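Notes follow once the structure below has been shown.
The values are calculated or read from the model by the stated rules, or taken from the named source; none is laboratory data. If you're wondering where the values come from, they're calculated on a predicted model, not measured in any experiment. Positions of Cβ are generated from backbone atoms using ideal geometry, with glycine treated the same way; all protein chains shown enter the neighbour counts.
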Amino acid sequence: MDPNKVKILIVEDEEILLTALSEELKQQGFETVGAKDGVEGVAMASSEKPDLILLDLVMPRMDGISALKEIKANSETKDIPVVILTNLSDYDKVSDALSLGAMDYLVKANYRLEELVGKIKTVLERKADPKSAAM
């Protein structure tokens, strides 16, 4: 999959992290768009039609679980793969998010750029070839 054709929506309320993730992914050739909370994220999932969504769980106005439910309930956005961004203390919410259809998660404090890009590519490959999801 050519990263230059892949659009990633980053839904993250921490401006510094949103900017850092966006810049890192752009350097890897991905196109990025950002949203600062779940309300913006749900709207942008519909308007931007990203190939993948990186979704924070703890945000103002609408948290990541509520945003994920809305994204998965919308026929236009339900098939967009979602990777959860989380803090170490959010594992119960991660479990909920995975059961609601998120494909994977990353712990914000622990990821490296290579891990993030690798996870994005793996999730996009699983979307392209659902049979390989049983890996």
Quick one: count up the residues across region 11-25 that are more than 15 Å from VAL58 (Cβ to Cβ) and either acidic (Asp, Glu) or in contact with a helix residue (DSSP H, G or I) (Cβ under 6 Å, 6 or more places away or on another chain) (or both).
2
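Hey, any hits in region 4-17 for a residue that's touching a Pro at 6+ places or on another chain (Cβ under 8 Å) and acidic (Asp, Glu)? Before you say what the answer is, go through the steps one by one.
Going residue by residue through region 4-17, those that are touching a Pro at 6+ places or on another chain (Cβ under 8 Å) are 7-9, 13.
From what's left, acidic (Asp, Glu): 13.
So far as region 4-17 goes, yes, one or more of its residues are touching a Pro at 6+ places or on another chain (Cβ under 8 Å) and acidic (Asp, Glu).
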Selection from region 51-73 of residues more than 15 Å from the chain's Cα centre (by Cα) and over 15 Å from ALA35 (Cβ atoms) yields ALA73
Regarding region 67-82, can at least one residue be identified that is at pLDDT 90 or above, more than 23 Å from LYS5 (Cα to Cα) and outside any helix (DSSP H, G or I)?
yes
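Kindly indicate whether ASP56 is crowded, with 18+ Cβ neighbours inside 10 Å and either acidic (Asp, Glu) or modelled with pLDDT under 90 (or both).
Yes; evaluated as a whole, the condition is true for this residue.
TYR111: at negative phi, outside any helix (DSSP H, G or I) and in contact with a Ser or Thr (Cβ under 7 Å, 6 or more places away or on another chain), yes or no? Show your work before the answer.
Values: at negative phi: yes; outside any helix (DSSP H, G or I): yes; in contact with a Ser or Thr (Cβ under 7 Å, 6 or more places away or on another chain): no.
The answer is no for TYR111.
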Hey, THR32 part of a loop (DSSP other than H, G, I, E, B), among the β-branched types (Val, Ile, Thr), modelled with pLDDT of 95 or more and at negative phi or not
no
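Could you identify the single residue in VAL33, VAL42, VAL82 that is of a type in the set (Val, Ile, Thr) and surrounded by fewer than 19 Cβ atoms within 10 Å (Cβ to Cβ)? Give the steps one after another, and end with the answer.
Numbers: VAL42 fails: surrounded by fewer than 19 Cβ atoms within 10 Å (Cβ to Cβ); VAL82 fails: surrounded by fewer than 19 Cβ atoms within 10 Å (Cβ to Cβ).
Only one candidate passes the filter, namely VAL33.
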Scan of region 22-42 for residues that are within 19 Å of ILE80 (Cα to Cα) and of a type outside the set (D, E, K, R), ordered by number
SER22, LEU25, PHE30, THR32, VAL33, GLY34, ALA35, GLY38, VAL39, GLY41, VAL42
